[in-house]
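The values are calculated or read from the model by the stated rules, or taken from the named source; none is laboratory data. Note that the coordinates shown come from a computational prediction; the quantities given were computed from them, not determined experimentally. All Cβ positions, glycine included, derive from the backbone under ideal geometry; neighbour counts span all protein chains shown. Please note that ligands, DNA and RNA were not included when accessible areas were found on the heavy atoms of the full protein model with its side chains. Shrake-Rupley method; radii C 1.70, N 1.55, O 1.52, S 1.80 Å.
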Amino acid sequence: MMFPFRRISKVSLVLARKLLMTTPKPLPTLNEDRQSELVNNLSHWALGNGLTMYPTNFELHNTGYAPVTLFPTPFPRKQFEKALAVQEDFNELYAQVVKNQEWLGPILEDLSQFDKDFTGKLWETYKEAKTIGIVQPVSLGLFRSDYMVDTLSASSFDGVNGKIKQIEFNTVSVSFGGLSPKVAQLHRYLNENGNYHNEGKLHFEDDELPNSESTASLANGLAKAAAYYNSTESTDSSVVLVVVQDNERNVFDQRALEFDLLKRHKVRSIRLRMEDISASTDIDEKTKRVRLRATGEEVSVIYYRSAYAPSDFSNLQNWQTRLDLEVTKAIKCPSVLTQLSGCKKVQQILSTKEAIQQFLPTKNDQELSTLCDTFVKLYPLDNSELGKRAKKLAFEKPEQFVLKPQREGGGNNIYKENIVPFLQSLDEKDWQGYILMELIRPPASKNKIIREGRIYEEDIISELGVFGTLLFNEDSGKILSNEVSGWLLRSKFSSSNEGGVAAGFGCVDSVYLF
């Protein structure tokens, strides 16, 4: 018997494909009493477990819990796993970029002309260090690669809700590795405690709420660097020097790593501002070893939780201190050159398969394509053909782009309609100090943010950061240790462009995988 053939309409086909796309379960809807109980339990857990930050009006003895979401935020499981899977390759890529100083040097030399106050001075510091003599080729990178899910890359054909696209690769003073596990633990506690359900039931399954191991993993990276130094310099014990900013609001995030370093690895840390280092340390002229003046302890690792912005170099002495430390035996985290490799200009040049293939020649085509699949279009603003095209796009379609300088720390980017008047305010030759980046269009999620006791209810967008630790030789490119080191989720109002938590733009969050 012949069955009649039924024609499938295009509309039916589209609907069938959309069914393949997974959708997250709705977040809890709580009555007023249950939400009040949730906030109360959230506050107690956060303060009791160190999910804390100084308030915006910094007061030493007035702490509160960090800005945080009430609920974990949906994130596609496959894209989450992909972000973790590519981290070691990105670590290796930047190790090889730093090694290839013949390639990196001219880029930084050109770039230094357009950002003389910071990038230019960092580059001059590196060149002067080379002239004096860099005696420690081994560098430690505590990196973070940041992503958003791009809805424009969603595909109903294969059930993809959107693909992760890289925002930036951070090489200096990456933050929130100490608080990220606590946020995930907080949301897991609230779920298991029944606070996400009006009847006290579980709302999320156990495997939907992963935990980040970033605190332990980043501390492991510091411990490995200290152990390498101790073994190669025949030192029984040493300390990690943490270079910090004055009145640091995010001190508890930093301290979490230091506490773990001491508890599990018996490695002590000492915190000093850049301004205090010359008076608190001695550098042996012959051996270039650094010792603490007060105790005589030797410094094995210099860990920068500052030095990423011009404000960290408010006087010439701070620049001299950075130079003095760069030519010591201590392992730098990061070295000046590794820090400079994270410039946006380098990210822009590395955004093609041909560019990264020269640094990762042993990777197969599929591995290279997976890395490249995380890139959006990035353009120079120079006089090359690509640069001329970018200038045209910036003026004709500014709503599709973000303009980025070579700066870290939040609040530095120029978005959409602000691009044209900003460029018009500059001499065109200075445009080369910026890159033009295609905007990522993340999905908006329903959630609530609690900041300094106030609850804000507005759609949010989220940014996933994946941490990596890399111990490597800058001269040879030899990798001594390369690991994925946990993750971080930050969220902000969908109406906000910037997303720095410490800068006041967003909050810390955790993922609900779907």
Tell me, which residue of segment 182-211 that is of a type in the set (D, E, K, R) and either in contact with a helix residue (DSSP H, G or I) (Cβ under 8 Å, 6 or more places away or on another chain) or not in a loop (DSSP other than H, G, I, E, B) (or both) is farthest from SER43 (Cα to Cα)? ASP207
In segment 88-118, residue least open to solvent (accessible area, probe 1.4 Å) [restricted to those that are charged (D, E, K, R) and under 19 Å from TYR308 (Cα atoms)]: ASP115
Residues of segment 313-367 being open to solvent by 40 Å² or more (accessible area, probe 1.4 Å), of a type in the set (A, V, I, L, M) and without any contact (Cβ under 8 Å) to a residue 60 or more places away in the chain, in sequence order, are LEU316
Filtering segment 370-383 down to residues that are in contact with a helix residue (DSSP H, G or I) (Cβ under 7 Å, 6 or more places away or on another chain) and either open to solvent by 10 Å² or more (accessible area, probe 1.4 Å) or more than 19 Å from ALA95 (Cα to Cα) (or both) yields CYS372, LEU378, TYR379, PRO380, LEU381, ASP382
Looking only at segment 321-341, count every residue that is out of contact with any strand residue (DSSP E or B) (no Cβ under 6 Å at 6 or more places or on another chain) and of a type outside the set (Val, Ile, Thr) and tell me the total. 9
Here the residues within segment 212-264 that are in contact with a helix residue (DSSP H, G or I) (Cβ under 8 Å, 6 or more places away or on another chain), open to solvent by 60 Å² or more (accessible area, probe 1.4 Å) and modelled with pLDDT of 95 or more are GLU213, ARG264
Going by what's in this entry, would LEU15 be described as modelled with pLDDT under 65, hydrophobic (A, V, I, L, M, F, W, C), assigned to a loop (DSSP other than H, G, I, E, B) and open to solvent by 80 Å² or more (accessible area, probe 1.4 Å)? no
Looking at PRO421, is it buried (at least 21 other Cβ atoms within 10 Å of the Cβ), more than 23 Å from the chain's Cα centre (by Cα) and free of Cβ contacts under 8 Å to residues at least 24 places away in the same chain? no
Residues that are under 29 Å from HIS44 (Cβ atoms) and of a type outside the set (A, V, I, L, M, F, W, C): list the strands (runs of 3 or more DSSP E) wholly contained in segment 434-502 that include at least 2 such residues. 448-451, 454-457, 460-473, 479-493
Only one residue in GLU37, GLU32 is of a type outside the set (Ser, Thr, Tyr), over 22 Å from PRO74 (Cα atoms), surrounded by 12 or more Cβ atoms within 10 Å (Cβ to Cβ) and at pLDDT 90 or above, so which one is that? GLU37
Could you give me the residue pairs with C-beta distances under 9 Å whose first residue belongs to segment 183-204 and is assigned by the TED database to the domain that holds GLY48 and over 26 Å from ARG490 (Cβ atoms), whose second residue is at pLDDT below 95 and β-branched (Val, Ile, Thr) wherever it lies, and which are 6+ apart or on separate chains? ASN198/THR29
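So is VAL511 open to solvent by 20 Å² or more (accessible area, probe 1.4 Å), of a type in the set (Val, Ile, Thr) and modelled with pLDDT of 95 or more or not?
On the way: open to solvent by 20 Å² or more (accessible area, probe 1.4 Å): no; of a type in the set (Val, Ile, Thr): yes; modelled with pLDDT of 95 or more: yes.
The answer is no for VAL511.
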Between a first residue in segment 269-296 that is free of Cβ contacts under 8 Å to residues at least 60 places away in the same chain and a second residue that is part of a loop (DSSP other than H, G, I, E, B) and surrounded by 17 or more Cβ atoms within 10 Å (Cβ to Cβ), which pairs have beta carbons less than 6 Å apart while being 6 or more apart in sequence or on different chains? ILE283/THR328; ARG289/LYS329; VAL290/THR328; VAL290/ALA330
Going through segment 162-193 in order, the residues found to be open to solvent by 10 Å² or more (accessible area, probe 1.4 Å), closer than 26 Å to LEU93 by Cβ and of a type in the set (Ser, Thr, Tyr) are SER173, SER175
SER306 versus (1) at pLDDT 95 or above; (2) open to solvent by 10 Å² or more (accessible area, probe 1.4 Å); (3) among the hydroxyl-bearing types (Ser, Thr, Tyr): which is the lone unmet condition? (2)
Given (1) without any contact (Cβ under 8 Å) to a residue 40 or more places away in the chain; (2) assigned to a strand (DSSP E or B); (3) not β-branched (Val, Ile, Thr), TYR147 misses just (1)
Could you check segment 232-320 for strands (runs of 3 or more DSSP E) lying wholly inside it with 1 or more residues that are within 21 Å of VAL138 (Cβ to Cβ), touching a strand residue (DSSP E or B) at 6+ places or on another chain (Cβ under 8 Å) and among the aromatic types (Phe, Trp, Tyr)? 299-304
Which one is nearest to LEU488 (Cα to Cα) among residues in segment 119-153 that are among the charged types (D, E, K, R) and open to solvent by 10 Å² or more (accessible area, probe 1.4 Å)? ARG144
Filter result (part of a loop (DSSP other than H, G, I, E, B), charged (D, E, K, R) and at pLDDT 95 or above) within segment 377-432: LYS377, ASP382, LYS397, ASP427
In segment 456-482, residue nearest to SER145 (Cα to Cα) [restricted to those that are surrounded by fewer than 24 Cβ atoms within 10 Å (Cβ to Cβ) and among the small types (Gly, Ala, Ser)]: SER481
Given (1) modelled with pLDDT of 95 or more; (2) touching a His at 6+ places or on another chain (Cβ under 9 Å), index of the condition HIS197 fails: (1)
